[in-house]
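The values are calculated or read from the model by the stated rules, or taken from the named source; none is laboratory data. None of the values given here were measured: they were computed from a predicted structure. Every residue, glycine as well, gets a Cβ built from its backbone with ideal geometry; the counts of neighbours run over all protein chains shown. Note: accessible area is taken over every heavy atom of the protein model, side chains too, but ligands, DNA and RNA are not part of it. Shrake-Rupley method; radii C 1.70, N 1.55, O 1.52, S 1.80 Å.
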Amino acid sequence: MNNIVELEKIKKTYLQGKVDIPAINNVSLSIKKGGFVAIAGPSGSGKTTLLNIIGGLDQPDSGTVRVDGEKFETLTPSRLAELRLFKIGFVFQAYNLIPVLSAAENVEFVMLLQGIPKKERLRKAHAILDDVGLSGKYNRRPAELSGGQQQRVAVARAIVSNPSIVLADEPTANLDSKTGQGLLELMKTMNKEKKVTFVFSTHDKMVMDYAGRLVRLRDGSIFDDQSK
Amino acid sequence: MYSQLAWRNIWRNPRRTIVIMTAVIIGVFSMIFLCGLMRGMEVEMIRNNLATLTGNIQIHQKGYRADPVVENSMTDPVLLENAIKTNLPEGAAWAMRVRVNAIVSNARHSTGVTFVGIDPAKEARVSFIGKAVTDGRYLNSDDTNKILIGRALLDKFKTKIGHKLIVMSQDADDEIASTAFRIVGTFRAEMESTEKAYVFVTLSDAQKMLKLKNGISEAAIAFKGQSIDGQKEKALAQKLKSRLPDSIYKVETWPELLPMMREYLSLFDNFIYIWYFVVFIAMGFGIVNTTLMAIFERMREFGLLKALGMKPVSIIRGVITESFFLLVSGIIIGNIAGIITVFLINRTGIDLSALAAGVEMWGMPRVIHPELWIIDVITANLVVLVLGLVVSIYPAAKAARFTPIEALEKT
Ligand SMILES: Nc1ncnc2c1ncn2[C@@H]1O[C@H](COP(=O)(O)OP(=O)(O)O)[C@@H](O)[C@H]1O
Ligand SMILES: [Mg+2]
């Protein structure tokens, strides 16, 4: 089994008032271990919905989701939470961090939930912050970091426990293009060095260029899928 | 780290935290202070009432309490004395009395009083009278036809120490006995009514006048230390009852002797419970409201935590930990404030003399010295803490129910 993610005939429709809004329409998609995959598409094309379904935050109306061999529909909510905790890293567009915790503590927090002892937590948190270029900023609170630095902390938190996959929903949307590029360089490096699978969404042409594989969405369907 | 997180979270909105903490502080403080006041009043009331001839336990001839006349006297003081002496607890004292209704008069006035014959030395250890004499002197056991009266009675009769009073009462032969007694001293009491109600002569004078031989009306036992609930009294009463035939003797503890006061004391307890309830309602609503507010402000964050894999129970635990810190901080400050206040006021007392006329009939003291009881402090703290935590469950459960998507959409 080389595929980390396997989606089969996923459908998801939102009901807004009395109108059905199809968000994902019959999407099947496999993502290989070690991939660096971009989900691209204009706003409203279903990128967030798709990532949420892969991350187990949202359930499709039909179709099956497998992450690391686990079939979601058979999991209890608590098992699903555990799966997210141990196998999936998340980076959101913004507000990724807990404001009252320092950079290092934010990274530590997931490890705390995972039950990793204090000493190891601290060592790993510092090491990964060094890796993402934030050495010396361990004790800064999110409010004392720039937007790009905050996203770096989020990436550090997402990869610190070697998850099977990191899902990043428009991680650069709130950054200027130079900072966004820097973040993508970082993600790419982590992808290569630590063999972490990344799936990220974007509507930015420049960001798409970094992808090893580009999956294009339009109105909830894949209309183009190319590997470079 | 969970506790660090909780502690920092409460200080995210210091103003809100201070408001809710102030509510907790006032709640705990008022509970402790009110309890202190009530206890001070209770203790003083019991002490006053017990010292005013009640004692902790009394023994009478059956029927005496319903009809306190000479016929209902006890004729075998030796049996009584033996029963008491063999069971008397450490530090307790006892005394026997003749106690009947009588009329005292002088040339100008006459009034009904309780005429009490006492053994001066023994009585001094049992009731207030030994320490209450302010003018003249206390009785001696070899006094004959000497009388001790209250200051208020002396004033009312416009008489003086050294002058005589006539005491009239029905004797054992059903005749009216009357004897002249010379005033040797006056006593003062917490309440003016006490000063007017009792006159004291020696036991032998009273027995002689009433033709009682060695008969007595009552025996009173006074314990060392403060009595609150009458439990120790019950135990001793049980022992005495086994020694004294209950066809003749009636042994009663002070809660039985003073049913009105017992009711009054339970009224105090009810005041305290009502106050607990008021505090709890006010504080409970405050906590629920502010916590809910805080939860909704942080909705996105709870969604994030859930997305990261935090389980709902952990989120509930987190929110409740925050409440716990808030409550404990408030409780600590409230305790310090309450304890210091009670301690300081205990030394000076709160003067109620302005109200004393109104409350006198209950035997309430003119000056209240609030008292701190560990059990009250513990109860106040537990009430606030436990109920505070319980009401936090609701907002906590709310926080745990936010789904990540809902929450993240709020960006
Ligand atoms: N909670 C929701 N309720 C109703 N419609 C929704 C909801 N979330 C998303 N949608 C709709 O689903 C479609 C896909 O949305 P989304 O996945 O957020 O797209 P993208 O992330 O590419 O902008 C859009 O038409 C959007 O309006
Ligand atoms: Mg989106």
Item to complete: Give me the orientation-averaged projected area of the Cα convex hull of the stretch A:111-228, in nm², one decimal.
Response: 8.4
Worksheet entry | Above-threshold pairs, the threshold being 30 Å between Cα atoms, out of A:Lys188/B:Lys398; A:Lys18/A:Lys71; A:Lys18/B:Lys311; A:Lys12/B:Lys306; A:Lys137/B:Lys398 | A:Lys188/B:Lys398; A:Lys18/A:Lys71; A:Lys18/B:Lys311; A:Lys137/B:Lys398
Worksheet item: If you average over every viewing direction, what projected area does the convex hull of the Cα atoms of chain B give, in nm²?
Response: 25.9
Discussion item. I'd like the Karplus ³J(HN,Hα) series for the stretch A:17-34: coefficients 6.51, -1.76, 1.60, θ = phi - 60°, whole numbers in Hz, and an x wherever there's a Gly or Pro.
Written reply: x, 10, 9, 7, 10, x, 9, 10, 10, 6, 9, 10, 7, 10, 10, 7, 4, x
Item to complete: Taking 7 Å along the Cα-to-C-beta vector as the label spot, tell me the A:Lys118-B:Arg8 distance in nanometres, rounded to one decimal.
Response: 1.6
Response to the item:
Filtered pair list for the stretch B:161-287 (Lys only, Cα < 29 Å, 8 or more apart or interchain) has a length of 25
Worksheet item: Straight-line reach from A:Lys11: which aspartates and glutamates have a Cα under 13 Å away, not including same-chain ones fewer than 8 places off?
Response: A:Asp20, A:Asp58, A:Asp61, A:Asp219
Practice prompt. Please report the relative contact order for chain A, taking Cα pairs under 8 Å with a sequence separation of at least 6, and give it as a percent rounded to a whole number.
Written response: 29
Item to complete: Count the net charge of all other residues whose Cβ sits under 12 Å from the Cβ of B:Leu212, scoring Lys and Arg as +1 and Asp and Glu as -1.
Response: +1
Worksheet item: Can you work out ³J(HN,Hα) from phi for every residue in the stretch A:86-93, in order, using Karplus 6.51 cos²θ - 1.76 cosθ + 1.60 and θ = phi - 60°, giving whole Hz and x for Gly and Pro?
Response: 9, 10, 10, x, 10, 10, 9, 5
Worksheet entry | Helix A:118-131 vs. chain A, principal-axis angle (Cα, 0 to 90°, nearest 10) | 80
Practice prompt. Excluding residues on the same chain fewer than 8 positions from B:Lys131, give the aspartates and glutamates whose Cα lies under 14 Å from its Cα.
Written response: B:Glu123, B:Glu190, B:Glu195
Discussion item. With a cap of 14 neighbouring Cβ atoms within 10 Å, and only residues DSSP puts in a loop, list the trypsin sites (Lys or Arg not before Pro) found in the stretch B:104-142.
Written reply: B:Arg108, B:Arg137
Worksheet item: Taking every residue in B:11-23, how many Cβ atoms of other protein chains lie within 10 Å of its Cβ, on average?
Response: 0
Worksheet item: For A:Lys119, which aspartates and glutamates qualify as cross-link partners when the Cα separation must be under 20 Å and same-chain residues fewer than eight apart are set aside?
Response: A:Glu105, A:Glu108, A:Asp130, A:Asp131
Worksheet item: Given the options B:Ile57, B:Ile393, B:Ile221, which has the most mean-square fluctuation in a GNM of chain B, springs set between C-alpha atoms less than 10 angstrom apart?
Response: B:Ile393
Item to complete: Lys and Arg at +1, Asp and Glu at -1: add these up for the other residues within a Cβ distance under 13 Å of B:Lys232 and post the number.
Response: 0
Response to the item:
For chain B, the per residue accessible area (1.4 Å probe, Å²) is 46
Worksheet entry | Residue-by-residue Karplus 3J(HN,Hα) for the stretch B:309-316, coefficients 6.51, -1.76, 1.60, Hz, glycine and proline x | x, 6, 7, x, 4, 5, 5, 4
Worksheet, complete the sentence: Whole-percent carbon and sulfur contribution to the accessible surface of chain A (1.4 Å, no ligands, DNA or RNA) stands at 47
Worksheet entry | Accessible surface of the stretch B:55-257 [probe 1.4 Å, protein heavy atoms]: carbon and sulfur percent | 47
Fill in: Placed amide H near B:Trp94: partners under 5 Å, 5+ positions off or other chain
B:Ala222
Worksheet item: Looking only at B:Gln58, B:Gln238, B:Gln170, which one moves most when chain B is put into a Gaussian network model with springs between Cα atoms under 10 Å?
Response: B:Gln238
Item to complete: Evaluate chain A: find the radius of gyration of its Cα atoms, find its Kirkwood radius, and give the ratio Rg to Rh.
Response: 0.96
Practice prompt. Let me have the relative contact order for chain B, percent, based on Cα pairs under 8 Å that are six or more residues apart.
Written response: 27
Item to complete: Give me the distance between the Cα centres of the stretch A:164-228 and the stretch B:223-264, rounded to whole Å.
Response: 88
Fill in: Under 13 Å from the B:Lys62 label point (7 Å along Cα→beta-carbon), backbone N, the stretch B:244-260
B:244-251
Discussion item. Which residue, B:Thr86, B:Ala189, B:Phe343, has the largest displacement toward the positive end of the dipole of chain B when charges sit on each Cβ (Lys, Arg +1; Asp, Glu -1)?
Written reply: B:Phe343
Worksheet item: Helix B:299-308 sits at what angle to the longest principal axis of chain B, using alpha carbons and giving 0 to 90 degrees rounded to 10?
Response: 70
Practice prompt. Sort out for me the Cα centre separation of the stretch A:35-75 from the stretch B:160-184, rounded to whole Å.
Written response: 107
Practice prompt. Count charges around B:Leu258 for me, please; just the other residues with Cβ under 14 Å from its Cβ, Lys/Arg as +1, Asp/Glu as -1.
Written response: -3
Worksheet entry | Peptide A:96-108, shielding by other chains (average Cβ, 10 Å cutoff) | 3
Discussion item. Using the Cα centre of the stretch B:55-257 as the reference point, and only Cβ charges (+1 on K/R, -1 on D/E), how large is the resulting charge dipole? Debye, rounded to the nearest 20.
Written reply: 480
Worksheet item: Helix B:14-49: angle to the longest alpha-carbon principal axis of chain B, degrees 0 to 90, nearest 10?
Response: 10
